[in-house]
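Accompanying notes for the structure given below.
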Amino acid sequence: MENQPDTISIMVVDDEKDIQDGCERILTRMGCRVVKTSRGEEALHAMKHEPVSIVLLDLMMPGIGGMEVLQRIRKIDDQILVIVITGYATIDTAIEAMKQGAYDFIPKPFTPDQLRIRVARALEKLQLTREAEKLDRERKKTLADLDTEKSRIRTIVESLPSGVVVTNSQGQVALMNPAFLQHLGLDPDRSPGDPIEAYVPDQGFCKLVLELSQGKYVNPDEFPTYEFVLHNEKYFQARGRPVQGEEMEYQGAVVVLEDITTLKILDQVKSEFVAKVSHELRSPLSTIHEQLAMVLGEMVGDESKNDQYILARAKEKTHGLISLIGDLLDLSRIEAGIVHQEPKPVRLEELLKSIVDFLGTRAKGRKQAVILELSENRLPLFTADPLVLESIFGNLITNAINYTPDGGEVKVAAGFNEKNIHVTIKDNGFGIEARHLEQIFERFYRVKDEKTRYITGTGLGLPIVKGLLDSLGGTISVQSTPGKGSTFTVLLPLQEPSETLPVQP
């Protein structure tokens, strides 16, 4: 790249040799140095000895998955720009990777021009970032200087493709670049100086900007992201951080606005496709399952034992497919916001007792004990769709039974404090290693080892639980020790008295 002081090192992480070699030919001609690896472990090891600025990362590889490699790269150096490589089937994973810090993504198969465009954009960002850092070291500028002086930093900010807005501590706009005005459909000659509300008609965004400007968020790990949609159906994601002076006083905030409309459309198309296919498959599969059950019921005699085994396996697999489709439809409804059908005040004690009694029969077959412990004081009413609450706690208790060996114990306890109703599901089962805890709420993620490999499941139960709790304003956390068991804790926020019925004597 012209005017580039140092040769940029780019690492290609892909298990397909043709992809590696093709990328190397294209990137070498762009003046970059290329490092090739075929597995995530090799890439992470090579980074310790080979500094790189850009990583082309395939999300679907043997060994360590691309998402985990991305997370480790961010911990090694969050300045490395990661461009994820994905196929259509994993587009939702690519979107999640973007949210977790990936710079861009490119779908397979891609043309040389598509690769060059994305890498050139990343190289430009690196150059701009280095220039910005250099200028920041050379001279400190105040927010007022940014608006009045035609500085090099101002030129760089105005050339950025993402919208940038800078405010003072009162939330008044001190600087905004052309991309910000263009994204929001504002007059290109619109001048700064007004409150942020005059530019962006979204209360949540304006509240975030004011909180950042006044120093509500101090720890960089706490800096939130915010998504909103305008009336013209354009979706945006905002990320920002406070600006502090030499004496660490809060002078305002800088917020970056990115147009994520394309990603949202892709996500919507994916959800609609999954819902449509799942709906069309469930009915014929249910019919096949019933017919297999009928045939098995009519088969007798030793001569048909082999046939019975084959049909029983087919019936079992069909039931598994029906369960998977049901879970996919549940996730689609959660994504579409169609969750709470008939909210009404619920006695959690009675609901938990009903679930424990129902699932206790299955546990007794494995000589397990399912124990319910309730607070001495009656739990407050919680207004929600009872089916949603049954799905949450039914999934968690079923998991505890499945992942606890014969003769084990599952304990369900409920109580409340001044803020939350808390329900814990504790087992003395197989437990979960620490490295899996952050991923068990991801779709289709299942922990498989010698003890759990034969336990059937879709890997969607916990994602459904988390999605339902998010819709209720609740949270879920987990603590686990391998070989000793796991404890899942659900917190449901106490509702205002007007939201619940009075306690009956």
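The values are calculated or read from the model by the stated rules, or taken from the named source; none is laboratory data. Model, not experiment: these values are computed from the prediction. Please note: Cβ atoms are built from the backbone with ideal geometry, for glycine as well, and neighbour counts cover all protein chains shown. Protein only, heavy atoms only, side chains kept; ligands, DNA and RNA dropped before computing areas. Shrake-Rupley method; radii C 1.70, N 1.55, O 1.52, S 1.80 Å.
Please state the shape class of region 342-434: rounded when a/c is under 1.5, otherwise prolate if a/b exceeds b/c and oblate if not, all from the C-alpha gyration tensor.
prolate
Taking R0 as 60 Å, what's the FRET efficiency between GLN479 and ASP189 from their Cβ-Cβ distance, rounded to 0.05?
0.60
Hey, rough spin-label estimate for GLU350 and GLU211, points 7 angstrom out along Cα→Cβ, what's it come to in nanometres?
Between GLU350 and GLU211, the label points sit 3.7 nm apart.
What shape does region 88-127 take by its C-alpha gyration tensor, where a ≥ b ≥ c are the square roots of the eigenvalues and a/c under 1.5 counts as rounded, a/b above b/c as prolate, and the rest as oblate?
Oblate shape, in that a/c is at least 1.5 and b/c is the bigger or equal ratio.
Starting from the Cα of SER9, step 7 Å toward the Cβ, then list every residue of region 69-110 with an amide N under 11 Å from that point.
none
Given labels modelled 7 Å from the Cα in the Cβ direction, how far is it in nm from HIS436 to ILE265?
Placing both labels 7 Å beyond Cα along the Cβ direction yields 4.0 nm.
With every protein chain present, what is the per residue accessible area of region 381-425 (1.4 Å probe, Å²)?
That works out to 35 Å² for each residue.
Work out the FRET efficiency for LYS419 and GLU16 from their Cβ-Cβ distance, taking R0 = 41 Å, and round it to the nearest 0.05.
Computed FRET efficiency for LYS419 and GLU16 comes out at 0.20.
If I stretch the segment between GLU50 and GLU409 completely, what's the gain in nm (0.36 nm per residue apart, minus their alpha carbon distance), one decimal?
In short, 124.2 nm is gained.
Take the alpha-carbon positions of region 59-132, form their convex hull, and give its projected area averaged over all directions (one quarter of the hull surface) in nm².
Averaging across all directions leaves 5.3 nm² for the Cα convex hull.
What is region 1-66 by shape, rounded, prolate or oblate, if you read a ≥ b ≥ c off the alpha carbon gyration tensor as root eigenvalues and call it rounded for a/c under 1.5, prolate for a/b larger than b/c, and oblate otherwise?
Because a/c hits 1.5 or more and a/b fails to exceed b/c, region 1-66 counts as oblate.
I need the calculated FRET efficiency for the pair ASP92 and GLU158, taking r as the beta carbon distance and R₀ as 41 Å, to the nearest 0.05.
0.75
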